[in-house]
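Beneath this line is the structure, given in structure tokens, with notes to follow.
The values are calculated or read from the model by the stated rules, or taken from the named source; none is laboratory data. Because the structure is a prediction, the values reported are computed rather than measured. With ideal geometry, Cβ positions are generated from the backbone for all residues, glycine too; neighbour counts draw on all protein chains shown. Each accessible area value is taken on the protein alone, full model and side chains, heavy atoms only, with ligands, DNA and RNA left out. Shrake-Rupley method; radii C 1.70, N 1.55, O 1.52, S 1.80 Å.
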Amino acid sequence: MNCARHPDRAAVGQCAQCGAYVCAECAEATKSLRDTEGTLCVDCYRRDLASAGEYYRQSTKRRLIRVIISIICYIAGIVMMIVGPSGDTLGLFAIPIGLVLCGLFNAIAEWRKESERHAEHERKYGVTYTVTDTEIKRDTGLGMKVFMFILGAVLGVVITPINVIKDIVGMRSDTKTAAMFDEEAEAVAKI
């Protein structure tokens, strides 16, 4: 059998994804994924590189959206906590609403973690019920979820700026990684 890309060369292996035969040069060019994917032909290797590059480009977009929304919510929350309190009844709600806005992503993350913890507890030990004289209620863990949401919002005042910085650094890293995958795909296409 001969290499699918280089018909004049003898094949030394077969692509683990598409089954095409590969020569020694193609196998050597795609060796960086051999441990995880097996031997790959150049086309499958390039497709995997393009997929990895796209993953990092999407990660950059998600981080950018999170940074923009976090900054907007954080600024709105700070403004609400400073300007909002006044003598009227609505002013009393300005500080808690401002706190939630400042730590919105952290609060949501804490709610999700608690939801997952509760679901894991139910999978492990079964569903818990509260029985009273008039009804039987399933324990949904709502009280703990609300507590963790509020705690997450309060801690989010400090954590949000740190997460914004982490996301900005992560965006730079993701962009460089995507470019690295693109360069590798271009280089291997020349074989």
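Quick notes on this structure:
- Only protein heavy atoms count here; on that basis, with a 1.4 Å probe, ARG117 has an accessible area of about 120 Å².
- Between the C-alpha center of the stretch 22-94 and that of the stretch 99-125 there is a gap of 21 Å.
- Charge sum, other residues only, whose C-beta stays under 15 Å from GLY13's C-beta, Lys/Arg counted +1 and Asp/Glu -1: -1
- Heavy-atom accessible surface of TYR125, to the nearest 10 Å², is about 150 Å², with a 1.4 Å probe and all protein chains retained.
- Given charges at beta-carbon only (K, R positive; D, E negative), |dipole| of the chain in Debye: 140 debye
- Local net charge near CYS41, Cβ-Cβ under 14 Å (Lys/Arg +1, Asp/Glu -1): +1
- Helical mean residue ellipticity (222 nm; -39500 (n - 2.57) per DSSP H run of 4+; nearest 500) of the chain: -24000 deg cm²/dmol
- Our summary gives the stretch 40-163 a relative contact order of 26 percent, counting only alpha carbon pairs under 8 angstrom and 6 or more residues apart.
- Charge sum, other residues only, whose C-beta stays under 10 Å from THR130's C-beta, Lys/Arg counted +1 and Asp/Glu -1: 0
- Whole-percent P(r), the stretch 132-173, all Cα pairs, 10 Å bins from 0: 23, 26, 23, 15, 8, 4.
- Unit Cα scatterers, Debye sum, the chain: log10 I(q)/I(0) for q = 0.11, 0.13 Å⁻¹: -0.75, -0.84
- Exposure of ILE68 as accessible area (Å², to 10), given a probe of 1.4 Å and all protein chains: 80 Å²
- Surface composition of the stretch 36-191: carbon plus sulfur atoms hold 66% of the accessible area, using a 1.4 angstrom probe and ignoring ligands, DNA and RNA.
- Angle in degrees between helix 104-125 and the longest Cα principal axis of the chain, rounded to the nearest 10: 80 degrees
- Solvent-accessible area per residue in the stretch 104-191 equals 70 Å², computed with a 1.4 angstrom probe and all protein chains kept.
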